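J.: Would you mind keeping the following structure in view while I ask a few things?
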DNA sequence: ACAAAAGTGTTTGTGGTACACCCATGG
DNA sequence: CCATGGGTGTACCACAAACACTTTTGT
């Protein structure tokens, strides 16, 4: 969490605004605001580790605004849908929803001019897919490396840039994933059901962006009770080497495994 | 994160939903959803430490729904307002906005029937106020201890319960604050500009819900560079004792001071 | 002198990285 | 028997909690 990469959320705004003082009963929406209804969309940053790299699922917009740009999957919130429900429904059009091993709310963006065609709020989710599957995706969608300059490859004719504020949202998602990898068991959502430690360390490397020693990763995750041996092992490759033991995550739901590193309650409690 | 008290966000939803497959261009909001506009409100969980307890600012609803219940301050999002901008404006009606030392987005709730009078999404913020001030608040608002059973005191005629899903939101806010106290410098937002270590440890105790030894807190925060001595000290009280040194937070903006406790990048990088 | 509160020094323990070494297999 | 990759053992280190002890004040 929060750790590096731990999200700072919308903490970048500073004071400003006037002091209005009224008192007494006030119906839920009063004040200077013209009580308005706004369009609301739900987006998802779906990550998967592919070929050793953390990738995001994006689709290419076929019409303005941002025609030809890459955008996060998602769409308008239905009239009677919950937010999580909505993003699951919408992703079913892009990815088989059964493959989503984890989904959590990320942030909501409400900048009045984030959408050129009128006020639109967007609630973004972070979704994860295990590395071993290759879901069928529509022709206009593609997996993009989520590397630092999120998508825009300069001069290349192919990917012009990302639409709306979606690049920033991908950034939040990466930070969130990175943070949670260090104090929760989210790894389960990136890895296949069974894996060797060197495979797992490659997934971690891809998601964290830096080297992860398989040997230490093993001990850390074992000590925390995140993973366990299946008892089986895979035969060594053509080039020899000791056969690798297979592991699995003990839980397949998000758990916090490294609660307070500091300021923890006194021992006798 | 974190750690206990670290937020699990909306991770409690599991798969379900059908597999729809269409491809080709699709305008931002297509699919089964009837593209609708929904009311959107912005709420704030404003915490302050008062008399050694973590308290939330609540106001009492004067009319249905939830007449007589306690609710979070906030209201409808204005037509041309950003989310953060809106909550700042709305809080200006309850608390002098200059006193808010920290504000961050918490979560967005969109359960279709969270509001009996029609679909209403709510984006909640976490706001903090330093312990040394006592802002003027309207007659219908009050500071409530944010203790475990958030507000509802059984049998007492006074506070019946909390309106809507606000009790759950207060819970999220407490977990978030608690988590961030252990890996960021949020303490600055709860403490007055200058403080002694035993005062600060009382603030931490109130926010975390468990004892915090002043002696260790001092070392931890000094090592992390969060606080520094002002050079001054306060005279001891009537009962004697060594005069306490005054400290201040070195930064008054949120910073992550305890990035990755684990899985940190290899030393040479 | 004594009590009270603040502050320091020291011990102990834990959890994590780094690194050398041992193990099992294929050629 | 050697190269290759997996697995273990161990040294080291940073950080933090616990607690005894010292310092500085008021009465």
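Quick note: the coordinates plus some simple rules give every number you see, no bench work behind them. Keep in mind that this is a model prediction, so the values were computed, not measured. Here the Cβ is made from the backbone with ideal geometry for all residues, glycine too, and neighbour counts use every protein chain on show.
J.: Can you put A:182, B:239 in order, fewest other beta carbons within 10 Å first?
T.: B:239, A:182
J.: Taking each residue of B:100-107 in turn, how many C-beta atoms of other protein chains fall within 10 Å of its C-beta, and what is the average?
T.: Counting Cβ atoms of other protein chains within 10 Å of each residue's Cβ and averaging gives 5.
J.: Taking the number of other C-beta atoms within 10 Å as the exposure measure, put A:40, A:102 in order starting with the fewest.
T.: In increasing order of surrounding Cβ atoms, one gets A:102, A:40.
J.: Most exposed first by the Cβ proxy, i.e. fewest other Cβ within 10 Å, how do B:180, B:94 rank?
T.: B:94, B:180
J.: Using a Förster radius of 60 Å, what is the FRET efficiency between residue B:242 and residue A:233 based on their Cβ-Cβ separation? Nearest 0.05, please.
T.: Computed FRET efficiency for residue B:242 and residue A:233: 0.40.
J.: Can you give the mean number of other chain Cβ atoms that lie within 10 Å of the Cβ atoms in peptide A:172-185?
T.: Counting other chains' Cβ atoms within 10 Å and averaging over A:172-185 gives 3.
J.: Counting DSSP beta bridges in segment B:39-177, what percent are antiparallel, to the nearest 5?
T.: If we restrict to bridges inside segment B:39-177, about 65 percent are antiparallel.
J.: How large is the direction-averaged shadow of the alpha-carbon convex hull of segment B:39-177, in nm²?
T.: That works out to 8.3 nm², a quarter of the Cα hull's surface.
J.: Given the Cα atoms of segment B:184-249, and with Rh set as the inverse mean 1/r over their pairs in the Kirkwood sense, what is Rg to Rh to two decimals?
T.: 0.96
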